[in-house]
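The values are calculated or read from the model by the stated rules, or taken from the named source; none is laboratory data. Here the structure is a predicted model, which is why all the values come from computation and not from measurement. So basically every Cβ, Gly included, is an ideal-geometry build from the backbone, and we count neighbours across all protein chains shown. Surface areas here come from the heavy atoms of the whole protein model, side chains and all, with no ligands, DNA or RNA. Shrake-Rupley method; radii C 1.70, N 1.55, O 1.52, S 1.80 Å.
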Amino acid sequence: MSPDKMKSYWRKNLRYLFILLLIWFAVSYGCGVLFADSLNTIRIGGFPLGFWFAQQGSIYVFVALIFVYVYLMNRLDREYDVDEK
Amino acid sequence: MDAQIWTYVMVGATFAVYIGVAIWSRAGSTDEFYVAGGGVTPLANGMATAADWMSAASFLSMAGLISFMGFGGAQYLMGWTGGYVLLALLLAPYLRKFGKFTVPDFIGERYYSKNARLVALICALFVSFTYVVGQMKGVGVAFARFLDVPFETGVLIGIGIVFFYAVLGGMKGITYTQVAQYCVLIFAFTVPAIFISLQMTGNPIPQIGFGSTLKDGSYLLDKLNLLSVDLGFAEYTAVDSDNLVNMFFITAALMFGTAGLPHVIVRFFTVPKVRDARLSAGYALIFIAILYTTAPAIAAFARTNLINTLSERPYKEVPSWFSNWENTGLLEFDDKNGDGKIQYVADQSRNELIIDRDIIVLANPEIANLPDWIVALVVAGGLAAALSTAAGLLLVISTSISHDLLKSYLKPNITERGELKAARVSIAVAVVAAGLAGINPPGFVAQVVALAFGLAASSFFPAIILGIFDKRANQQGVMAGMIVGILFTATYIIYFKPQLGGPGTPDGYWFGIAPEGIGTLGMMINFFISVAISRLTPPPPQEVQELTEKIRFPRGSGEAHDITIH
């Protein structure tokens, strides 16, 4: 693989990581800790929203993030022909 | 059948299964012993990782902690799951591509230095050993309480079982045993939760149940908030704004610590491909999330049940489980105002009930009047959680000794058979040492485990991340970073932990950060020092830069293979 192509593969990988980790941070440290108090004024069913993010929602989002990453990277690997046969 | 017999039956049956699995899957080569031959499917690996990860603390203590902390308990929930996102995105695929057996292998090769490997080796041994001692203690406590044997005998039984299948099976045996243990522990954790959720809210899914309405039509959490405020406690779902910085740091220390724990990382060496390493982190987190999203529901149910059952109840009318737990000393009633009723309130001078938080999970089925076999099931689950974690940790310790120390340092031309034998001997020694330390542990279990996370976050995590993402990172920088990071964190923890003999008091905390959260700051210091010193010293040699380049692309991963000796 040419150096240019390798650089572009790596850059795309880093961009995926940046976006996914931004969501990771926003959901856990943002919704679950720093802004939980204000979010608690909103309710879904019996849950105050901040409480729900801290004790339930953030964990669901973590799981989703990993599977989105797996999907994106498998696609990227094929596109750049670096996937495992 | 009474609860005692049910317990013997459940524990005996599950142990027979573990031993059977261990015999069926024993290891024949170092490859199989260290990384299960690199042939474990992502699904099985995910389950084994989950069992490896969820310890006695997750199973027995966490829901109880949350029950008494309310909203703040989320630090454990997020902290012990969020690290898997970091593992899947930043570590697992690259370390799998690197394709060696251990974390010190990676550090030694990437930083082209035997000394760096030695520093990593010492950190790995230290972290794993503090962690495993806590597990052995958990095993002892569970046996002692439910099989009516002395605590020491409980630990010895635990040593015997782990000894048998870890020495025999290595990673291969441990992996398949852990799959069985996962099934036992998750069944044992969710079944009582489903029953209680149905009982209280009519909804069989606990995750939804604790946001639903009770029989009287009010929401469970609203009711719990009301009950808590009536007794002088803070609202259960309310955010403690003064604690936010501390909560932030503790959550982060647990997350980054998770991603830096050697016994978790080594899991991703056992799958066949880079693709599988990514996927297997995802499966692991699903399996972990089943328990971690159920735990806060159990916490809320247990808290509500506890207050409803005990508050203002005449002492003469308490249910039988109350007296049983009183006998163990983990539940105490002191009738301060002499009215014969139980006053459970926030005000310490009037409060008459002292409850050890560790009993919540074990007592929960009894509090909710569930049948005896469910109580027995919970005991078997707790033992599965403690044993599976202990086995995984012991394997890391034995690998560190036989592979990283013996083969890479002392006797480079040892034969494959000799190395396998050494691995078996060192795991045997480690089991016995951990058991003995578990009988006489330094400080409390929770304290010791908190130490392990802080140390992992402040030592390994930055070294591995920089090894993958910063080509310029060199041995001078990373070694300085690891040493300063781990020393800073250990010093702070020891200074501020009275249980470890430290003189510090909470008033002296930096920025209000408790010792459990200081690993986050230690990690930042490590990152800063590693990057700065790397830039001031010569870059790594060309071949190392090429290696760093190579691990970024999945193709050509192959099986985990043995290391080239420099």
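Report yes if A:Arg15 is open to solvent by 30 Å² or more (accessible area, probe 1.4 Å), closer than 17 Å to B:Leu90 by Cβ and either among the charged types (D, E, K, R) or more than 8 Å from every other protein chain (Cβ to nearest Cβ) (or both), otherwise no.
Details: open to solvent by 30 Å² or more (accessible area, probe 1.4 Å): yes; closer than 17 Å to B:Leu90 by Cβ: yes; either among the charged types (D, E, K, R) or more than 8 Å from every other protein chain (Cβ to nearest Cβ) (or both): yes.
So A:Arg15 fits the description; yes.
Can you give me the ranges of the helices (runs of 4 or more DSSP H) entirely in the range B:49-127 with at least 2 residues that are open to solvent by 10 Å² or more (accessible area, probe 1.4 Å), of a type outside the set (Phe, Trp, Tyr) and closer than 30 Å to B:Val229 by Cα? Give the derivation first.
Values: elements: B:62-69, B:74-86, B:92-98, B:103-110.
Answer list for the range B:49-127: B:62-69.
Within the range A:54-69, the set of residues being open to solvent by 10 Å² or more (accessible area, probe 1.4 Å), at the interface with chain B (Cβ under 7 Å from one of its Cβ atoms) and of a type in the set (Val, Ile, Thr) comprises A:Val63 only.
Could we say that B:Thr520 is within 14 Å of another protein chain (Cβ to nearest Cβ) and farther than 26 Å from B:Asp404 by Cα here? Please lay out each step first, then the result.
Values: within 14 Å of another protein chain (Cβ to nearest Cβ): yes; farther than 26 Å from B:Asp404 by Cα: yes.
Yes.
In the range B:264-291, of all residues being touching a Ser or Thr at 6+ places or on another chain (Cβ under 6 Å) and more than 10 Å from chain A (Cβ to nearest Cβ), the one that is farthest from B:Arg96 (Cα to Cα) corresponds to B:Arg267. Only one entry in A:Phe25, A:Phe67, A:Phe18, A:Phe51 is in a helix (DSSP H, G or I) and touching a Ser or Thr at 6+ places or on another chain (Cβ under 6 Å), namely A:Phe51. Residues of the range B:206-232 that are within 30 Å of the chain's Cα centre (by Cα) and surrounded by fewer than 17 Cβ atoms within 10 Å (Cβ to Cβ): B:Ile208 alone. The condition (being touching a Leu at 6+ places or on another chain (Cβ under 9 Å) and either open to solvent by less than 10 Å² (accessible area, probe 1.4 Å) or more than 14 Å from every other protein chain (Cβ to nearest Cβ) (or both)) is satisfied by just one residue among B:Val478, B:Val484: B:Val478.
Output the residues belonging to the range B:410-428 that are more than 16 Å from B:Ser29 (Cβ to Cβ) and surrounded by fewer than 13 Cβ atoms within 10 Å (Cβ to Cβ).
To start, the set of residues in the range B:410-428 that are more than 16 Å from B:Ser29 (Cβ to Cβ) comprises B:410-413, B:425-426, B:428.
Correct list: B:Leu410, B:Pro412, B:Asn413.
The lone criterion from (1) surrounded by fewer than 15 Cβ atoms within 10 Å (Cβ to Cβ); (2) without any contact (Cβ under 8 Å) to a residue 40 or more places away in the chain; (3) within 9 Å of chain B (Cβ to nearest Cβ) left unmet by A:Asp81 is number (2).
Only residues that are at pLDDT 85 or above and either at positive phi or of a type in the set (Ser, Thr, Tyr) (or both) were counted in the range B:265-282, giving 1.
Taking the options B:Tyr292, B:Tyr283, name whichever one is in contact with a helix residue (DSSP H, G or I) (Cβ under 7 Å, 6 or more places away or on another chain), of a type in the set (Ser, Thr, Tyr) and within 30 Å of B:Asp404 (Cβ to Cβ). Criteria check complete, one pass: B:Tyr283.
For the range B:233-254, the set of residues classified as more than 8 Å from chain A (Cβ to nearest Cβ) and open to solvent by less than 50 Å² (accessible area, probe 1.4 Å) consists of B:Tyr236, B:Asn243, B:Asn246, B:Phe249, B:Ile250, B:Ala253, B:Leu254, listed by residue number. Of the helices (runs of 4 or more DSSP H) lying entirely inside the range B:403-521, those containing at least 1 residues that are closer than 29 Å to A:Asn13 by Cβ span B:445-469, B:475-496. Looking at this structure, is B:Ile342 more than 11 Å from chain A (Cβ to nearest Cβ), open to solvent by less than 20 Å² (accessible area, probe 1.4 Å) and out of contact with any strand residue (DSSP E or B) (no Cβ under 9 Å at 6 or more places or on another chain)? Judged against the criteria, B:Ile342 is not a match. Of the residues making up the range B:290-306, just one is more than 13 Å from B:Met200 (Cβ to Cβ) and either open to solvent by 10 Å² or more (accessible area, probe 1.4 Å) or among the acidic types (Asp, Glu) (or both), namely B:Ile290. Whether any residue in the range B:183-194 is in contact with a Ser or Thr (Cβ under 8 Å, 6 or more places away or on another chain), open to solvent by 10 Å² or more (accessible area, probe 1.4 Å) and either more than 9 Å from every other protein chain (Cβ to nearest Cβ) or among the small types (Gly, Ala, Ser) (or both) is what I want to check. Yes, because at least one residue in the range B:183-194 is in contact with a Ser or Thr (Cβ under 8 Å, 6 or more places away or on another chain), open to solvent by 10 Å² or more (accessible area, probe 1.4 Å) and either more than 9 Å from every other protein chain (Cβ to nearest Cβ) or among the small types (Gly, Ala, Ser) (or both).
Residues in the range A:28-48 that are hydroxyl-bearing (Ser, Thr, Tyr), assigned to a helix (DSSP H, G or I) and more than 7 Å from chain B (Cβ to nearest Cβ): A:Ser38 only.
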